[in-house]
Amino acid sequence: MRVGDRTLFLNLLSGLASSREATARAVASLGDGKRVRTASDDPVGARSAIAFRGRLAAIEGYGRSGAAARTDLSTLDSVLGEVVNILSSVRAEAMAGASGTASDGNDARAETIDAFRDQLVALANTQQNGRYLLGGTETLTPPFLADGTYQGNDAEVLAPVDTTSEVGATIVGTRAFQDSGDLIGILTQLSADLRSGNLDGVAAALPSLDTAISGVSNVRADVGTRMNTIDAFAIRHGDESLRLAQSIADIEDADLAQVAVDLSAAETQGAALSTTAARILGRSLFDFLG
Amino acid sequence: MNLFGYFELGRRSMVASQLGLQTSGDNIANAATPGYARRRLELTPSYPVHVPGGWLDQGVDVARVHRMEDLFLQASIGREQGGLGEADERLRGLTDIQGIFGSLDSDNVSQALAAFSAAFTALAAQPEDGGARQGAVAAADALAGSIRDAYARLSDLRSQKDQEVGGTVDEVNSLAGQLASLNRQIAEAEGDGSVAAPLRDQREVVLAELSDLTGGIASAGPDGKIRFELPSGSTLVTGESALPLGTARAVDGTLRILASDGTDVTDRFRGGRLGALLLVRDDSIVSQMTSLDALAADLTTRVNASTAGATDLAGNAGGPLFVPDPPASTGSARSISVSSAILADSSLLAVSASGAPGDGSVASDIAGISDAPSAALGGKSAAAFLADSMTGLGTAVAQADVDLGVSTDVVNGLLTQRDSVSGVSLDEEALELIKNQRSFEAAAHFLSVLDEITATAVNLFQR
């Protein structure tokens, strides 16, 4: 084929342009470490990367929700532990009061029981950041009146911890304070019996207190289970986040070794073309004739 | 032939050599001129005379200056040039659109949607918490803002492309006028049977630009005049008259293209840069805007349906989170925003199903909306809808890039072939130059010999 000068020129030019393009791509990859920046760089990979990022954001949301619930639950745990301690102390006082031998101290005991009862009411109205934790979802009104009347509701604040999993972050106060015996009522009655010398009544309070202690302990165990659930999700989500971040990196990040190879290939190609251009374009028959 | 006739023969020979030198000079000078096809001097033996023993030519004549071209190749290049222009312009437009949605790791609509869901998840765990409420409202505001922003930028890009359409139409009309006038000039100049090479060079440049802009096809009539047909089926140039395109504003403010008879050919224009501009303006950008509209309308409807059945922190029935409610029937992505009342007071955000302040179940529901399929989005979830829209755009950009590569290779291949016929080779011209130089020298020598002979003849009888 007859080859015009422009053909040579254009071919060299397009070769040089493609080597420059490869160089620019490699340099850009070195700059930000990315192979895929926009969807057009790898549409299939980008689809996954977008989904992974969405899941990462969701996990972050579940993490925040779980952490908030975890704080509430650990407060509840100590509240319920305190309730059990108080009930045990009450039980000891009742035992002593019922025996009769030391019944002359029963008025003082009644005073103590009254103090314990006030503490129980205060514990039942425990607040965290201005929210009551034992009123179900009625978190802005004190759940218990001084006489033990429950003002909350029977639904729990449900904290999402994964797409389809929720953990109760508050508890329904009646579960701890009424379902296994009306704690406030028992203490009020006990104090009255102690004052009036109704020792049979005081003795009768003992089994109720036992039931109550085991009931509250059960609720506390449930709170512990919920915290474990949240912790388990947190660990699982931590692993998943790492995996997702790794997957996104696999899709989007440049393989630096590969970039280095590409760069040096482009460099070699460019250098070879430049040398060729210098030799071919710089010489024509005019140099040898005339 | 008498002795003085030989002087004429020598003169013709020198003229031929000089013209040969001029041709080479012309070729060398125009080696890089676009549209230039190399010239070749066609020589022919001059009118022969009878001499004893046979016929002898009276030297050389210049038959004509030939313009080296391959008409078939030229037509193929014209066709492919339209494809090249189309792919280049389409890639540019689609890349512009993709730029609006940002890179994968930047704050795009998709990420704003995910952050919105995450904020409502966190709100569900402590719905009465002021900070969590602020966070959720801010995330909703950011989501609405990012949808509005993307929509506004798409809208801007559309008017920019619209202006480019107008500019391109003007350019096409101006080129059409040039082509018609070149058709006339060439016909006039070639009336004597010669080739008006410089005018033909110019016409080739005009045709290449027209093909690049419109993807139209040129065909030479029997009279040598080029007729230019647009892909929309109308004729742009026929003979010596141009039929320029007209324009009119549509209801939505975009420019419509009219054929010379007033027919609207906008939607039939598929080729060349103009076709790609129209495709990007009326199809690619509009479909992205429609997607955003559908997304904004669907989010507004579904989120507001959730909040409408819920109560706010004070126990009052909830108002819509996104306004306008119901969403605007068109351009809902342009107008979506968070209710100003809720923006000012986040306690008005209604996420309680039961009325209790600690009930965040509706926040949970709202957090789930982005992943729940919706009939309004073709059965996809909002997140999947956005992801598909982004990757669909990415695929289109990648495809345009491939198309551009293919078209470039095809056109370059054809240009190489054209060059093999029409291109100037400096080596060739160097040889031509030497050849003509020597031939001039020989002719000069011939004349000097002739001069001596004539002198001899004149002096024959002087002794």
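Projected label points at B:Ala63 and A:Thr268, each 7 Å from Cα along the beta carbon direction, are separated by 5.3 nanometres.
Take the Cα of B:Val15, step 7 Å along the line toward its Cβ, and report every residue of the range B:41-77 whose backbone nitrogen sits under 11 Å from that point. So the set is B:60-63.
For the pair B:Thr454 and B:Tyr47, label points projected 7 Å from Cα toward Cβ lie 2.1 nm apart. Peptides B:334-347, A:173-186 ordered by packing proxy, namely the average of other Cβ atoms within 10 Å per residue, highest first: A:173-186, B:334-347. In this Cβ point-charge picture (+1 for Lys and Arg, -1 for Asp and Glu), the range A:67-225 has a dipole of about 180 debye about its Cα centre. Counting Cβ atoms of other protein chains within 10 Å of each Cβ in B:384-394 and taking the mean gives 5.
Taking every C-alpha pair closer than 8 Å and separated by at least 6 residues, the mean separation divided by the residue count of the range B:76-409 gives a relative contact order of 26 percent. Stretching the chain fully between B:Gln160 and B:Ala372 yields a gain of 72.7 nm (0.36 nm per residue, less the alpha carbon separation).
Positive-end ranking of A:Tyr62, A:Leu10, A:Gly45 along the dipole of the range A:1-106, with charges on Cβ about the Cα centre, is headed by A:Leu10.
Annotation: the residues A:Leu263, A:Leu289, sorted from fewest to most other C-beta atoms within 10 Å of their own C-beta, follow the order A:Leu289, A:Leu263.
The share of C-alpha pairs in the range B:267-425 whose separation exceeds 19 Å stands at 68 percent. Only helices enter this figure: runs of n ≥ 4 DSSP H residues, each worth -39500 (n - 2.57), summed and divided by the residues of chain A, yield -25000 deg cm²/dmol at 222 nm to the nearest 500. Taking amide H atoms as placed 1.01 Å from N in the peptide plane, list the residues 5 or more away in sequence, or in a different chain, whose amide H sits under 5 Å from that of B:Ser337. Result for B:Ser337 returns B:Val323. Working note: Karplus 6.51/-1.76/1.60 with θ = phi - 60° gives the range B:324-340 the couplings x, 10, x, x, 4, 5, 10, x, 5, 6, 6, 10, 4, 7, 7, 3, 5 Hz, where Gly and Pro are set to x. Summary value for the range B:157-291: 27 percent relative contact order, contacts being C-alpha pairs under 8 angstrom separated by 6+ residues.
Mean projected area of the convex hull spanned by the Cα atoms of chain A, taken over all viewing directions: 23.8 nm².
A Förster radius of 22 Å, combined with the Cβ-Cβ distance separating A:Asp32 from B:Arg153, puts the computed FRET efficiency at roughly 0.45. Each peptide among B:257-269, A:45-57 gets the average number of other Cβ atoms lying within 10 Å of its residues, and from highest to lowest they stand as A:45-57, B:257-269. Based on the reciprocal of the average 1/r between different C-alpha atoms, the Kirkwood radius for chain B equals 28.3 Å. Tell me, what ³J(HN,Hα) does each residue in the range A:151-164 have, in order and in whole Hz, if you take phi through Karplus 6.51 cos²θ - 1.76 cosθ + 1.60 with θ = phi - 60° and put x for Gly and Pro? These are the phi-based 3J(HN,Hα) values: 10, x, 10, 10, 10, 9, 5, 9, 9, x, 10, 6, 3, 10 Hz. Enumerate the residues in the range B:5-35 having an amide nitrogen under 17 Å from the point lying 7 Å beyond the Cα of B:Ile434 toward its Cβ. Only B:21, B:24-25 fall inside the zone, counting backbone N under 17 Å. As a calculated quantity, the FRET efficiency between A:Val44 and A:Gln127 at R0 = 41 Å, using C-beta atoms, amounts to about 0.20.
Full extension of the segment from B:Lys380 to B:Ala32, taken as 0.36 nm per residue of separation minus the current Cα-Cα distance, would add 119.6 nm. A viscosity of 0.692 mPa s and a temperature of 37 °C, combined with the Kirkwood radius over Cα pairs in Stokes-Einstein, give a translational diffusion coefficient for the protein assembly as shown of 95 µm²/s. Using Cα atoms only, what is the angle between the long axis of helix B:426-459 and the major principal axis of chain B, expressed in degrees (0 to 90) to the nearest 10? It is inclined by approximately 20 degrees.
Modelled spin-label separation between B:Glu441 and B:Ala187, with each label point placed 7 Å from Cα along the Cα-to-Cβ direction: 5.0 nm. Charges were assigned to the Cβ only: +1 to each Lys and Arg, -1 to each Asp and Glu. The resulting dipole of chain A about its Cα centre is roughly 1980 debye.
In chain B, the longest principal axis of the Cα atoms and the axis of helix B:3-29 are about 10 degrees apart. Of the residues A:Thr170, A:Thr229, A:Thr149, the one that moves most in a GNM of chain A with alpha-carbon contacts below 10 Å is A:Thr149.
Take the Cβ-Cβ distance between A:Arg25 and A:Arg2 as r, set R0 to 22 Å, and report the resulting FRET efficiency rounded to the nearest 0.05. Taking R0 as 22 Å, the efficiency between A:Arg25 and A:Arg2 is 0.05. Note on chain B: helix-only mean residue ellipticity at 222 nm, from DSSP H runs of 4+ residues weighted -39500 (n - 2.57) and normalised by residue number, equals -21000 deg cm²/dmol. Simple point charges give the picture: +1 on the Cβ of Lys and Arg, -1 on the Cβ of Asp and Glu, and for chain B a dipole about the Cα centre of about 920 debye. Peptide B:300-309 is shielded by partner chain Cβ atoms: per residue, an average of 0 of them sit within 10 Å of its Cβ. Per-residue 3J(HN,Hα) values for the range B:412-422, derived from phi via the Karplus relation 6.51 cos²θ - 1.76 cosθ + 1.60 with θ = phi - 60°, read 4, x, 5, 5, 4, 5, 4, 4, 5, 9, 9 Hz in sequence order (x marks Gly and Pro). Compute the acute angle (0 to 90°) between the alpha-carbon long axis of helix B:197-214 and the principal axis of greatest extent of the alpha-carbon atoms of chain B; round to the nearest 10°. That works out to roughly 10 degrees.
The listed peptides B:82-90, B:122-130, A:210-218, B:49-57, ordered by packing as a protection proxy, come out as B:122-130, B:82-90, A:210-218, B:49-57 (highest mean of other Cβ atoms within 10 Å first).
No lab work stands behind these numbers, since they all come straight from the coordinates. Just so we're clear, the structure is a prediction, and the values are computed from it rather than from any experiment. Note that each Cβ is placed from the backbone with ideal geometry, even for glycine, and that neighbours are counted across all protein chains shown.
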